[in-house]
Amino acid sequence: MKVEDIRVCILRMEGTNCEQETFDAFKRLGASPEFVHLKQLEGRDVGGDEARSLDDYHILMFPGGFSAGDYIRAGAIFAARIKASLSGDLRKFIEDGKAVGGFCNGFQIMVELGILPGMDGTMSEHPEAVLHSNDSGFFECRPTLLKHTNRGRCVWTRDIPIGSIRLIPCAHAEGKLILPLEEADALYERLFDEDRVVFQYCDRSGETNAEYPYNPNGSRFNIAGICSERGNVFGMMPHPERVFYRHTHADWYRNKVGSEEGDGQVVFRSVLNYIVETF
């Protein structure tokens, strides 16, 4: 498959607001992204030529924002609507090896859907984790340093050298990943053993036990992003789409030398390479 043949579904509904940056990232790399409203996949309140099917796409993206105003919990309403009408289609999409990604609110939606962390299969009946309120009690909008600790399972980051540090901004109020307390130790150990932890917040030296402000939300083990067992489903709290180019980095003015490529661009390139090689 050629890159230009890769169709990307940028799924949106009321309240999403990062879809344009996500669309642009895929478009700049030569893929064929499309904005798709949830109702188009549901086939509800749309004309025949506006209806869409997940089968038409190779990548499904849940962009950031505040879907449905983040009422009840961040991402909960978007996830509930998908589960009610599209759970079978989404399960097949994932099991076919196609790629699903989500950043910030997108990650929250995926956790609410039960497709991450995916400890008990493709999609759990109930959420297996929660992205809880930041320890600071504030909306944290700041540059964050992320260490890529994945050893190759995640298809979204396999082109990033292990141990490399990326500067990718965050913007969230609920980003603290918490697993069920009664079995948390075993579940965190399993995430690391199965190479499902993708990014960890770190300091400038790469230490992944750094506290606030390096870790903006207080997540245990500084976890910033995880993937499914197969590696084709990936979510992270920071926003790689916001640093596609070097000149959008917060420190660009002090560091004007180097590649035009920003630290987030490789996330999109990695998943496109996976689709080219797989389909």
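Where a number appears in this text, it was derived from the coordinates with a stated rule and is not lab data. This one's a predicted model, so the numbers in the text were calculated from it and none came from an experiment. Note that we place each Cβ from the backbone using ideal geometry, even for glycine, and neighbour counts take in every protein chain shown.
Answer yes or no: is there a residue in region 199-219 that is of a type outside the set (A, V, I, L, M) and within 13 Å of Pro117 (Cβ to Cβ). Within region 199-219, one or more residues are of a type outside the set (A, V, I, L, M) and within 13 Å of Pro117 (Cβ to Cβ). Of the residues making up region 12-28, those that are in contact with a strand residue (DSSP E or B) (Cβ under 8 Å, 6 or more places away or on another chain), hydrophobic (A, V, I, L, M, F, W, C) and under 17 Å from Met236 (Cβ atoms) are Cys18, Phe26. Of all residue pairs spaced 6 or more apart or on separate chains, those with beta-carbon atoms under 6 Å, a first member in region 41-53 that is without any contact (Cβ under 8 Å) to a residue 40 or more places away in the chain and of a type outside the set (A, V, I, L, M, F, W, C) and a second member that is surrounded by 13 or more Cβ atoms within 10 Å (Cβ to Cβ) and in a loop (DSSP other than H, G, I, E, B) are Gly43/Ala51. If you filter region 133-180 down to residues that are in contact (Cβ under 8 Å) with a residue 60 or more places away in the chain, closer than 27 Å to Lys98 by Cα and of a type in the set (D, E, K, R), you find that the one that is surrounded by the fewest Cβ atoms within 10 Å (Cβ to Cβ) is Asp159.
Among the residues of region 23-54, the one identified as charged (D, E, K, R), under 25 Å from Ser87 (Cβ atoms) and under 18 Å from the mean Cα position of the chain (by Cα) is Glu34.
The strands (runs of 3 or more DSSP E) falling completely within region 151-254 include none with 3 or more residues that are in contact with a Leu (Cβ under 6 Å, 6 or more places away or on another chain) and within 16 Å of Ser270 (Cα to Cα).
The sole residue among Arg44, Arg81 that is out of contact with any strand residue (DSSP E or B) (no Cβ under 9 Å at 6 or more places or on another chain), assigned to a helix (DSSP H, G or I) and among the charged types (D, E, K, R) is Arg81. Against the numbered list (1) crowded, with 16+ Cβ neighbours inside 10 Å; (2) in a helix (DSSP H, G or I), Val36 comes up short only at (2). For region 181-207, a residue qualifies if it is among the basic types (Lys, Arg) and buried (at least 21 other Cβ atoms within 10 Å of the Cβ), and exactly one does: Arg196.
Scanning region 96-132 for residues that are β-branched (Val, Ile, Thr), buried (at least 24 other Cβ atoms within 10 Å of the Cβ) and either in contact with a helix residue (DSSP H, G or I) (Cβ under 7 Å, 6 or more places away or on another chain) or in a loop (DSSP other than H, G, I, E, B) (or both) turns up Val100, Ile109, Ile115.
Checking each residue in region 10-33 for being touching a helix residue (DSSP H, G or I) at 6+ places or on another chain (Cβ under 7 Å) and outside any loop (DSSP other than H, G, I, E, B) picks out Ile10, Leu11, Arg12, Thr16, Glu21, Thr22, Ala25, Phe26, Ser32, Pro33.
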